[in-house]
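In what follows, a structure is listed as structure tokens, so that the remarks can point back to it.
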Amino acid sequence: MCAKLYMMRLDLPGLWSDGWLYKEHLILWSRDGHMYILPVDHITRQLRGLERPPHEVLADFLIFRNDWKASEQFERLFSLQGIEESFTANFPKATGEIVIPIDEATPIPIGSDRIPGEILDSAIYDNRVYVGSTHGLFETRFDPDSPIARNPLIDRMPQRVSAVTAGFSAINGSAGESGLWFSRMNRDDETWWDARSNFKRVADYSRGNSFADVNLLNYTDEAFPGFLRSETVKERPQDASVRESRQITGYRQQADIGTLMTSALTSSRTTGHGDPDFSLGIDDEGPEVLGNSGKRLLVAWKDSLRVIDLSLHRDRDLAAKADKSYQGIAALEIDPYAILDTHAFGKSFLVELSREVQLIHPHGSFTLISEPVARIRTFARSRRYREVVLLVRETGVSLLGMYVA
Amino acid sequence: MTVSDDSPSAARRCRQLGPPRDGGVLFESCGNSPYKSLDVHRSQSGTKQPKSIWNSELSRADECHTFCEAELNEWSDENGNCWAVAKDGEMDFGTHEERVAFFWEPQNDGDPWHGFPVAGRRGLAFRQKLPDALIERWYESGLISFSRKMQMLKGRW
């Protein structure tokens, strides 16, 4: 593997707790739980002021219009001789990294109530804002057309909620020993704050949860996450909505995928992917799923990593098989047991280690930053920011966009 | 954790009570509690739980002193078990970058305490819950940064 990472990082100072990129805004929470917004054009304005036009263009492709980079047009253009070289020539040769401090853009406070407790996770979806904290799960709204409008903050659940996901018109909250909770999204835009909370418990225990396509993985203390197959209905998408055409109406009973996963790991041993470690017996030290990027599951096994793909077609059984694009992953020098957390990042994974953040890509692993971070936010379900990373650091927030050549 | 001889706690170091025996080394902690550094948490060969081994650069006396810090500062949970944290910048407690240690409260009077490095992350997840209040205390006292605090609150430790 001789791939190289080219990265642009924009650093905004401040003592922040969490952040999101949503439509044309950067949304931030201060450490005392107050919400702020910063229009993206306030950031790009400063890039323009640097009188280095390529940086503004790079920021568009890598961060603010990340959907361009993922487009077929971009891919076809980059297949032409010399285009990729011209693109990467804008980065410093030695580091491949451009770092720009953004110190002239000031986030604007929103007068909404502060989030009680310490913010543990958040999700923004279709102008709905859900925040899990040590004191519960809270809902507010964000209207990109009136970004500084004050909205009520409604307490939806009293339990400590460590992970929140929102998608397919559903909200899922992991509340530890209180379980995994699910609610259909409140579609009322008028008096939504008056609507009663209708969260239902769908699993007894949950440390975290993550979408695998339209289905849900529930992470517990077990080696494998529980698999919750969703029940859905179709809706006609509206032009202005970010909602998908399918809406989750509920989940079937949590299923154990341990046997399936173990079988996928052992069968890949027999089919052989050029990995000598597969000669070791699986019973010596069992595999454990560390996290997922959509339907790709990152697995720790025998002191190395594997990627297993889950597939579920309508009315068929769940299937699992080794991901061929990650055949070389077992050779990476990453201690799987040093991985603190895993985040979906396009078709790749972002892994958080104790003192650094790494990108695990089919072409290798790359260090994004060498320090502990308070929070890593990726936007795998976003069209516009699909391969953008937001890092909450000790004294600021960084936006990272990258290109692997 | 390393302890320099001129530290305020140097006079309260653990005292070894004899040669290794019965699977460990017995100490008297600075709080006068018996503490046993168990062989099974000192080397991979001594245990079937290879994920919970003290960092070899941390001596048995330092291991006991880690317990002392927890005992003296009353870093305990609702069940009476003690927890300790590696101060930012100091060495990891465990061989898999564990930065927290856990000490079981003895079941019977006179039994020694014992402890080992623990982590909350997947792959190593320890089933006892690290109390939020302890994390906040460690942060407030400057032992851990905001980033470490958030990692711990989220179970990424």
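Using the structure shown, decide if residue A:384 is away from chain B (no Cβ under 14 Å), farther than 20 Å from residue A:223 by Cβ and in a loop (DSSP other than H, G, I, E, B). Here the answer is yes, as residue A:384 does meet what is asked. Checked against (1) more than 18 Å from the chain's Cα centre (by Cα); (2) within 14 Å of chain B (Cβ to nearest Cβ), residue A:121 passes all but condition (1). The set of residues in region B:119-132 being at the interface with another protein chain (Cβ under 10 Å from one of its Cβ atoms) and not acidic (Asp, Glu) consists of B:119, B:120, B:121, B:122, B:123, B:124, B:125, B:126, B:127, B:129.
When region A:370-405 is filtered for residues that are crowded, with 22+ Cβ neighbours inside 10 Å and among the small types (Gly, Ala, Ser), the ones remaining, listed by number, are A:374, A:401. Return the residues of region A:62-99 that are within 27 Å of residue A:381 (Cβ to Cβ), in a helix (DSSP H, G or I) and in contact (Cβ under 8 Å) with a residue 24 or more places away in the chain; say none if nothing qualifies. A:62, A:63, A:64, A:66, A:67, A:69, A:87 - these are the residues of region A:62-99 that are within 27 Å of residue A:381 (Cβ to Cβ), in a helix (DSSP H, G or I) and in contact (Cβ under 8 Å) with a residue 24 or more places away in the chain. Mind checking which residues of region B:115-152 are under 17 Å from residue B:96 (Cβ atoms), at pLDDT below 95 and charged (D, E, K, R)? Listed by number, the residues that qualify are B:121, B:122, B:127. All conditions but one from (1) among the β-branched types (Val, Ile, Thr); (2) within 14 Å of chain B (Cβ to nearest Cβ); (3) not in a loop (DSSP other than H, G, I, E, B) apply to residue A:129; the one that does not is (2). Being among the hydroxyl-bearing types (Ser, Thr, Tyr) and either within 14 Å of chain B (Cβ to nearest Cβ) or in contact (Cβ under 8 Å) with a residue 40 or more places away in the chain (or both) is a property that holds for residue A:232. For residue B:85, the stated conditions do not hold, so it cannot be described as within 21 Å of residue A:207 (Cα to Cα), among the β-branched types (Val, Ile, Thr) and within 14 Å of chain A (Cβ to nearest Cβ).
The set of residues from region A:303-321 being over 14 Å from residue A:339 (Cα atoms) and either within 14 Å of the chain's Cα centre (by Cα) or not in a strand (DSSP E or B) (or both) comprises A:312, A:313, A:314, A:315, A:316, A:317, A:318. Return yes when residue A:149 is at pLDDT below 95, closer than 30 Å to residue A:59 by Cα and of a type in the set (A, V, I, L, M, F, W, C) and no when it is not. Here the answer is yes, as residue A:149 does meet what is asked.
This table checks each residue for (1) out of contact with any strand residue (DSSP E or B) (no Cβ under 6 Å at 6 or more places or on another chain); (2) farther than 22 Å from residue A:123 by Cβ.
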residue: A:22; (1), (2): no, no
residue: A:26; (1), (2): no, no
residue: A:32; (1), (2): yes, no
residue: A:37; (1), (2): no, no
residue: A:40; (1), (2): yes, no
residue: A:47; (1), (2): yes, yes
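Could you please find all residues in region B:133-153 being under 25 Å from residue A:290 (Cβ atoms), out of contact with any Lys or Arg (no Cβ under 7 Å at 6 or more places or on another chain) and more than 7 Å from chain A (Cβ to nearest Cβ)? Within region B:133-153, B:144, B:149, B:152 qualify. Taken over region A:334-370, the criterion of being touching a residue at least 24 places away in the same chain (Cβ under 8 Å), part of a loop (DSSP other than H, G, I, E, B) and either touching a Pro at 6+ places or on another chain (Cβ under 7 Å) or more than 14 Å from chain B (Cβ to nearest Cβ) (or both) is satisfied by A:346, A:347, A:362, A:363.
Residue B:106 passes every criterion in (1) modelled with pLDDT of 95 or more; (2) closer than 22 Å to residue B:133 by Cα apart from (2). Every listed requirement among (1) away from every other protein chain (no Cβ under 14 Å); (2) modelled with pLDDT under 95 is met by residue B:76 save one, (2). Of the numbered criteria (1) under 27 Å from residue A:32 (Cα atoms); (2) surrounded by fewer than 22 Cβ atoms within 10 Å (Cβ to Cβ), the one residue B:85 fails is (2).
The values are calculated or read from the model by the stated rules, or taken from the named source; none is laboratory data. What you are looking at is a predicted structure, and each value in this text was computed from that prediction instead of being measured. As a convention, Cβ positions derive from the backbone with ideal geometry for all residues, glycine included, and neighbour counts pool all protein chains shown.
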